[in-house]
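Notes for the one structure printed next.
The values are calculated or read from the model by the stated rules, or taken from the named source; none is laboratory data. Everything numeric here is computed off the predicted structure, so don't read it as measured data. Don't worry about glycine lacking a Cβ; one is built from the backbone with ideal geometry, like all the others, and counts go over all protein chains shown. Ligands, DNA and RNA are excluded from the accessible area calculation, which covers all protein heavy atoms including side chains. Shrake-Rupley method; radii C 1.70, N 1.55, O 1.52, S 1.80 Å.
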Amino acid sequence: MSEKTNENDLSEIQLGEPIPNEFDYSLPLSELDKQLTEKYELLNSEKKGAVTPEWVMLGCALDLVDFAKENLDIELDFSEESLEKLQAVILMMRESYAEETPSDDIFATWVNMTAGLLGCIIINNLGGSWIDSNAGMSVIVNGTAAFITNQSVGVISGANPNENAATEIYDFLKKQSGISNTDES
């Protein structure tokens, strides 16, 4: 089994171009799931085109929403309020990882589901888009990239001890974007 670490040299990160959003992340999750399914069905029937990274990450996010509801009795969505719940799910995965290292496939699924949901929460609330990099899928908001897949690897595996990484990434992007909390006085 391969070693799971969080040791990318940030000086060597190569970013791709931002991927234009094909989906409206503010729609109900059932509608997003329907649209994603329709795109996959069209792709399969026409046998041309390709799955985009956005499709993959949205699918992973929707998988985590379903998994958390069915297995953990946790309701997740793409709202800012779901950040704390996502953080709790990530910590459950970390505890499970510490007890018994999962297979590479299961670990990759956990990483992609958690990064997918964090990315969808960011895009829905702060704007931005997906961007591919040699550090994994990332999001970019107003020129600032967040390496969310890389962070998921570190937090779940325990290589990154920060238990609030998802919330801190979100808050950093929110601050960098100049978006203020409308609830603050």
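Among (1) aliphatic (A, V, I, L, M); (2) under 23 Å from E12 (Cβ atoms); (3) surrounded by 14 or more Cβ atoms within 10 Å (Cβ to Cβ), where does A159 come up short?
Only one criterion in (1) aliphatic (A, V, I, L, M); (2) under 23 Å from E12 (Cβ atoms); (3) surrounded by 14 or more Cβ atoms within 10 Å (Cβ to Cβ) is unmet by A159, namely (3).
Say we look at the range 110-136 and pick out the residues that are part of a helix (DSSP H, G or I) and in contact with an Asp or Glu (Cβ under 8 Å, 6 or more places away or on another chain); which of these is nearest to K175 (Cα to Cα)? It would help to see each step written out before you state the result.
In the first step, residues of the range 110-136 are kept if they are part of a helix (DSSP H, G or I); the result is 110-126.
Next, only the ones that are in contact with an Asp or Glu (Cβ under 8 Å, 6 or more places away or on another chain) stay: 113, 116, 121, 125.
Details: M113: 25, G116: 21, I121: 15, N125: 13 Å.
Looking at the filtered set, the residue picked out is N125.
Just a yes or no: is a residue in the range 51-73 under 30 Å from G178 (Cα atoms), part of a helix (DSSP H, G or I) and of a type in the set (K, R)?
Within the range 51-73, not a single residue is under 30 Å from G178 (Cα atoms), part of a helix (DSSP H, G or I) and of a type in the set (K, R).
Check the range 121-131 and report whether any residue there is over 19 Å from D63 (Cβ atoms) and modelled with pLDDT under 90. Break it down stepwise before answering.
From the range 121-131, those over 19 Å from D63 (Cβ atoms) are 125-129, 131; that's our starting set.
So of that shortlist, the ones also modelled with pLDDT under 90 come out as none.
No, because not a single residue in the range 121-131 is over 19 Å from D63 (Cβ atoms) and modelled with pLDDT under 90.
Considering each residue of the range 107-148, count those that are under 9 Å from the mean Cα position of the chain (by Cα) and open to solvent by 20 Å² or more (accessible area, probe 1.4 Å), and give that number.
First, the residues of the range 107-148 that are under 9 Å from the mean Cα position of the chain (by Cα): 111-122, 137-139, 148.
From what's left, open to solvent by 20 Å² or more (accessible area, probe 1.4 Å): 112, 137.
Number satisfying all stated conditions: 2.
Among residues belonging to the range 35-66 that are at pLDDT 95 or above and open to solvent by 70 Å² or more (accessible area, probe 1.4 Å), point out the one that is farthest from I106 (Cα to Cα).
Looking at the filtered set, the residue picked out is D66.
How many residues are surrounded by fewer than 14 Cβ atoms within 10 Å (Cβ to Cβ), closer than 22 Å to V56 by Cα and of a type in the set (G, A, S) if we restrict to the range 70-106?
Residues flagged as surrounded by fewer than 14 Cβ atoms within 10 Å (Cβ to Cβ), closer than 22 Å to V56 by Cα and of a type in the set (G, A, S) within the range 70-106 amount to 2.
Mind counting the residues in the range 74-91 that are part of a helix (DSSP H, G or I) and without any contact (Cβ under 8 Å) to a residue 24 or more places away in the chain? Give the derivation first.
Residues of the range 74-91 that are part of a helix (DSSP H, G or I), as a first pass: 82-91.
Among the residues that remain, those that are also without any contact (Cβ under 8 Å) to a residue 24 or more places away in the chain are: 85, 88.
Qualifying residue count for the region: 2.
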